[in-house]
Every structure is written in structure tokens, then in C-alpha cells.
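Participant: Let me give you the structure first, and then I'll get to my questions.
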Amino acid sequence: MAIYSAAAAITGRHASGAVLAAAAPGKAVNGTELGVLTFFFVAVAILGFFAARWRRSGVDRKHLHEWGLGGRSFGGWVTWFLLGGDLYTAYTFVAVPAALFGAGALSFFAVPYTILVWPLVFIFLPRLWSVSRKHGYVTPADFIKARHGSSSLSLAVAVTGIVATMPYIALQLVGIQACLDVIGIGGSGSTFEKDLPLFIAFAVLAAYTYTSGLRAPALIAFVKDTLIYLTIIVAIIYIPMRIPGGWNHIFDAAQTRLTTPNPKTGKPAGSILLAKGNSIPYATLAVGSAKALFMYPHAQIGVLATKSRNTVRRNLAALTAYSLMLGLIALLGYMAIAAHFTTASLNNNAQHAVPALFDWAFPSWFAGVAFSAVAIGALVPAAIMSIAAANLFTRNIWVDFIRPQASPQEQTQVSQLVSLLVKFGALAFVLGLDATSAINFQLLGGVLILQTFPAIVFGLYTRYFHRWALLLGWASGIVYGALVAWWQRSATQHHFGSQVAQIPWTHQKAYIACTALVVNLVVLVVTNLVLRAVHAPAGVDQTAPEDYEHVESQGEPVAAPVVA
Amino acid sequence: MSTASDRPGSENRTQAPTGSRPILSPLRAVAAVCVIAPFVAMLWIPSYNKTNPKLLGFPFFYWYQLLWVVITAALMVIAVQAVKHDNAGRRGLGSDSGSPGDPGGPGGAGSAGSAGTGSGTDVR
């Protein structure tokens, strides 16, 4: 979390204790680590291209359902891996531990966040699946348009989804970059030389996403999860053994470091328990992030690609395994403290905490495996996110506003091209911004995407809310959230310095996404009453109540006619 | 602000075929409790913002929240089963026919005793 990383940058510069661990970046290239990483990367690339032929139905080869939703054919196992690949990204492996490294307990909100996601999924995603399958919707904005009879509301949801996804993809690149830096490639030389490995990795990713669509990340997710579970289990058992005193010492060392006042500001960076006044930020970060997650197009795509209404529900218990893993990965941040890494020894980049810890603790060959896990763990979601953003663009901007007569083949081609553009847009993000900002923009993504919650989730249950009221509420939430986020200053940044801000008229801080959602809801309720009172035209609802309970029947065509 | 806890209720209202049964059946109440419980537990922060008792060197704050991951897994299994049986009862049918050939997935992997999660029948 950027707020905390910024704090860590300051603490680190001054807390120059005995550096037991070698400062990773800037040293010579570690050939073994690079070799292992290259091996896995090539293997995964081959798998990615091969995926084009995997589970191909042969019926509608050119339809967007095939490329963009994997033929909507994914059962339980694939879904478990695909959703895991979706949800547990470089944010989990790099950003969350870095945040614990920098600020302690407050950053542990990622655990309640990933706990609360699953009850929310249980409640509303089966309804979204049913109505989308019944009517052949490829994106959530397709649903919005048909449900509320409003192209502008659908456009709002689509644009929000695309904008919020880009920095999230950028964050995946930051994760890969952190590994490459620690291996020793990058970090020196010209910009071009420094970023060349990242550039190659991304070009290959772009190529197999283009050819194989959603099948590529779904297949690669198997490799990714195997590597990650292996790495995490080894890390959780082996690293505490390398640190004298084990877990007791890890938490003690973290507490000592975090509570030491920063000589510059006189304030400690944090604590291993929540400080007074941090309960509300902790709760709102958890609930806000949980509600935001399944508003992201890449998370919904994993659900829409399943072949039965209850594939996801049946998987819920097993999916919580990812939450457990996330909690354990987060604690790697404290292990990095106990191993005497400081922000200064990490090249002033707390994002290096986990890769540097692996580099220090593991023999080179296993560090290479661990970096492969992190890097492939970043590539899979980056692919899914770019596909999701491309689907949104094609369906809800290209077809709705530019070429309504586009054939399914043309839609697939446009999606393929846009998936490339989105990725290179994200690459520009990474090259243009520093790592801290990228994470901060990702949190801003959460602020933005959460504003589509009323239109999508309320829309699944009721048409009580008028389309224009939903649009006005969305606009108010976006404007409020974006402005407040823009105004947040930190020691290192003039804007977007924190995603936790004061609630107006109080002294209490909260995650901006939640405050903005309250603004959104107030505007929604008030304008809705007015619009209903004046009998503003409500638009045509193309869905029927029973569509929301729709269960796939045998032999039903996967690609229902596109609703115009 | 709509909290997650009022949504199971709204699902009940719209999940139509009421028939002779009341909208809020005991099984649905069980599912609602399972869904709401994690929110209550995780948002009641003062209940776990403390160091002791420690477990294997982990302060209470950390191991308690990780424990809730496992508890949530179990609650989700119960909720899915409750809704499934409730719907079966409502229609007087055994269950929906699921897509044959659906491998069922790793549904039971998160918790022992999650009987039926991988049965290949659709839970509604």
C-alpha cells in the first residue's frame, strides 16, 4: 500500500541498522536465478501458444465467446485455478508484503478483505452468471445496458472498468520488474537496456494472449499455482528456520522496527497491532476492497467463463485456500524486517522486500523457482485483465457506439488488437511512473471501480433505481473519489499520496472508496426519488425475473443471440 | 449505505417460486447466518486487536484472522448445502440436473466433511 510504502521509504533511509543481508539490486547478475526464470518463462510461453487448441468446441471458432471467455466451458478445476490466477497477483506477492514491511498491521487488511470476498461472491455472482448466460452477455456492461435500457450507463461502467484495470496491469509489471532487479538485470544502463527484459516478457505475453485468448492464462494458471504453492510452503517453513528465534523473533523484530520513531517526523511507521484510530481505515479498506474486487472486469470474466451456475459456489470453500496463502505471503514482509533488510538496503524500494528475501534465504536455483512463481503469477492476471478490458471496449464502445453492425468475427479481431493496446498502455504506465505510484494508482482503481457497484449489484435484484439516478450517483462517486485521492499528499508525493482520507466533517479517516460509495448512494437515493416523482422514462428492461435463476440446460447454445 | 448483510434478504424476496412455503425458511436463515458471520467477526476489530494469547509465536491479531479463513471456508460449505436443500425442497425435486461431465472441481478441498460439493449436481 502506497501510503505505507512512502512512510517506509523515510524510515528506511534513517534506520541504518546492521545490514546482515546483502543489498540485492546493483550487484552482478545471478546466472542460476536468471537461467531458472528463463526456463520457466519459455515453458509457459510454449504452453500459452498451445492453449489455443485446448478444449476448443469447434462450433463458433470466431465468436468472442471463444476467444474472450474460453468458450464458456470451464468447470470446477479450471475455474479454481483461473479465479486464483485472477485474484492473487503481484499485488499479493509483492505489494502486500511490502506494505507490511513498511507499515505493519494496517496492511494486514488484505486478509479480512480476501475473507469477505467469498460471502459476497456467494450472494450475487450466481445471479450475474445466470442472466449473462441466458442472454449471451460477455461483459457486465452488456448486462447494465439490457437491464436498465441505458447505453450511457453501460458506457460509464465500461470506461470505468477499462480505466481501473490499466494501472492494475501496470502493477503486475512492477512485480516482474522487482524480481528482475533483484536478479541483477535492470537497474543500471540506459532506460532501454534496463527495461529490455521486461519488454521481451511482455511482448511474448501479448503474443500468446492474442492467439489463444482466455485459454492461455487458464492453462498457464496450473503452472503458476503449482510454483506458488511450492514457493510459499517452502518459504513459510524454511525462512523462519534461517532466522534465529523463529516466528517469535520475526514479530518482535517487526514490532521494534515499526515502533521506532522516524527521526525526521518523530512518528513511528506503525505497529504490529492497529493503532488507535486505525480500526475504521482497516475495516473500510477490507470491506471496500472486497466489494470492489468482483466489480473488476477481470474478476467477473473468471465467473462468466464457467460452464454452470454453481461452478463458482461449489468452489467457494476451496477458493479460500488462496486467502490463507495471501495471509502467509503477507508475513514475508515481517520476515524481511527480521532478516535486517531496510528500505535503504532495498534501494529505497520496499517492493523489493520479498524478492530480496528470497534471494537472501534460498539457494540460487530455488530463488529462481520463487522468482518464476512471482513473475508468472503476474503474467497470468495481466493476460486476463487485458482480455477483460478488451472485451469491454469491443462490446460496449466499438459495437455500441462505433460499428453496431460488427460481426462476431470482427468483434473477436477488435478484442485481440485492443488486448495488445491495453498491455502496451500499461507498459507505458510502468516506464513513466515509479513503483510506489503504480500501487497507489491501483488503489485508485478500487476507488473508481467500486462506484459501479450500485448499477451492477442493485441491478441484479431490482429495477427500483432509475438509470439516470444510477448514472448521477456513479458520476458523483467518481468525482468525489478521484478529487479526494488527488488531494492526498504524502512525504514523497504531492498527489495520490494515500488512499485513506478523512471522512468530511469528522476526524476519522477511512478508505476513500467507501466514502465515495456513500456519496454515490446518497445522490442515487435522492435523485431516484425525484426522477420517479416526475415519471422520467425508465428505459426498457430486456431481462425477466426468472433469467436470474437460469440454469444451463443440456445442449443449449453457449452463444445466445447478441442482444442489440 | 447498503451492507452486505441485507442482500441475502433481497435475494429471498426476488427468488420467486414461493408456493406454500414461507419466503424465509429455516434453511435460508442458516445460509444467511453463514454469510453474515464473517462480516461480524472481521469488522468487530476490538475483539481481535491484541497480542495475547499467542499461538506458535503468532500474536492473536494474526492467527485469529488466519483462523477465520478456515472458518469461512466451512461456513461457505454449509451455506451452499443449505441453499441446495432448500431449493430441492421448494420444487419437490431431487435437484437440478447439472451439466453432465462437469468434473465438480476441487469443491471439497478446503474443508473435510463437505459432502456433496463435488457431486456434479447443480446447487441452486
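The values are calculated or read from the model by the stated rules, or taken from the named source; none is laboratory data. Remember, predicted model here, so these are calculated numbers, not experimental data. Virtual Cβ from ideal backbone geometry, glycine too; neighbours counted across all protein chains shown.
Participant: List, please: which pairs have Cβ atoms under 6 Å, are six or more places apart or on different chains, and start with a residue in segment A:497-512 that is closer than 17 Å to A:L444 by Cα and end with one that is among the hydrophobic types (A, V, I, L, M, F, W, C) and assigned to a loop (DSSP other than H, G, I, E, B)?
Facilitator: Here the result reads A:A510/A:I503, each pair linking segment A:497-512 to a residue that is among the hydrophobic types (A, V, I, L, M, F, W, C) and assigned to a loop (DSSP other than H, G, I, E, B).
Participant: To continue, here is another question. Quick check on my filter: what residues within segment A:292-306 are within 17 Å of A:L444 (Cβ to Cβ) and in contact with a Leu (Cβ under 6 Å, 6 or more places away or on another chain)?
Facilitator: Hits for segment A:292-306 are A:A292, A:P297.
Participant: Here are some residues: A:K307, A:K291. Which one is within 14 Å of chain B (Cβ to nearest Cβ), basic (K, R) and within 18 Å of A:Y88 (Cα to Cα)?
Facilitator: So the residue among A:K307, A:K291 that is within 14 Å of chain B (Cβ to nearest Cβ), basic (K, R) and within 18 Å of A:Y88 (Cα to Cα) is A:K291.
Participant: I'd like the full set of residues that are closer than 15 Å to B:I36 by Cβ and of a type outside the set (A, V, I, L, M, F, W, C), limited to segment A:117-140.
Facilitator: A:P119, the sole residue that qualifies.
Participant: From (1) part of a helix (DSSP H, G or I); (2) in contact with a Lys or Arg (Cβ under 7 Å, 6 or more places away or on another chain), pick out the condition that doesn't hold for A:A344.
Facilitator: (1)
Participant: Right, next: Please count how many residues of segment A:408-420 are over 18 Å from A:V163 (Cα atoms), surrounded by fewer than 19 Cβ atoms within 10 Å (Cβ to Cβ) and in contact (Cβ under 8 Å) with a residue 40 or more places away in the chain.
Facilitator: Total meeting the criteria: 2.
Participant: A further question follows. Restricting the search to segment B:46-82, which residues are under 27 Å from A:P240 (Cβ atoms), without any contact (Cβ under 8 Å) to a residue 12 or more places away in the chain, facing chain A (nearest Cβ under 8 Å) and part of a helix (DSSP H, G or I)?
Facilitator: B:Y62, B:L66, B:V69
Participant: Quick check on this structure: which one of A:F251, A:F199 is closer than 30 Å to A:V422 by Cβ and either touching a helix residue (DSSP H, G or I) at 6+ places or on another chain (Cβ under 6 Å) or part of a helix (DSSP H, G or I) (or both)?
Facilitator: After applying the criteria, what remains is A:F199.
Participant: Go through (1) buried (at least 22 other Cβ atoms within 10 Å of the Cβ); (2) more than 14 Å from chain B (Cβ to nearest Cβ); (3) among the basic types (K, R) and name the single condition A:K134 misses.
Facilitator: (1)
Participant: Check segment A:144-160 and report whether any residue there is in a helix (DSSP H, G or I), in contact (Cβ under 8 Å) with a residue 40 or more places away in the chain and within 15 Å of the chain's Cα centre (by Cα).
Facilitator: Within segment A:144-160, one or more residues are in a helix (DSSP H, G or I), in contact (Cβ under 8 Å) with a residue 40 or more places away in the chain and within 15 Å of the chain's Cα centre (by Cα).
Participant: Exactly one condition in (1) touching a helix residue (DSSP H, G or I) at 6+ places or on another chain (Cβ under 6 Å); (2) farther than 30 Å from A:F401 by Cβ is false for A:M166; which is it?
Facilitator: Only one criterion is unmet by A:M166, namely (2).
Participant: Just give me the residues in segment B:70-81 being β-branched (V, I, T) and either over 17 Å from B:L43 (Cα atoms) or surrounded by fewer than 24 Cβ atoms within 10 Å (Cβ to Cβ) (or both), in sequence order.
Facilitator: B:V70, B:I71, B:V77, B:I78, B:V80, listed by residue number.
Participant: Then there is this: Residues A:Y511, A:Y548: which one is within 30 Å of A:S289 (Cα to Cα), touching a Pro at 6+ places or on another chain (Cβ under 7 Å) and either within 14 Å of chain B (Cβ to nearest Cβ) or at pLDDT 90 or above (or both)?
Facilitator: Residue meeting the stated conditions: A:Y511.
Participant: In the list A:I233, A:I220, which residue meets the criterion of being without any contact (Cβ under 8 Å) to a residue 60 or more places away in the chain and either over 21 Å from the mean Cα position of the chain (by Cα) or under 22 Å from A:S419 (Cα atoms) (or both)?
Facilitator: A:I233
Participant: Sort out which residues of segment A:216-251 are among the basic types (K, R) and within 19 Å of A:W360 (Cα to Cα), and write them in order of number.
Facilitator: A:R242
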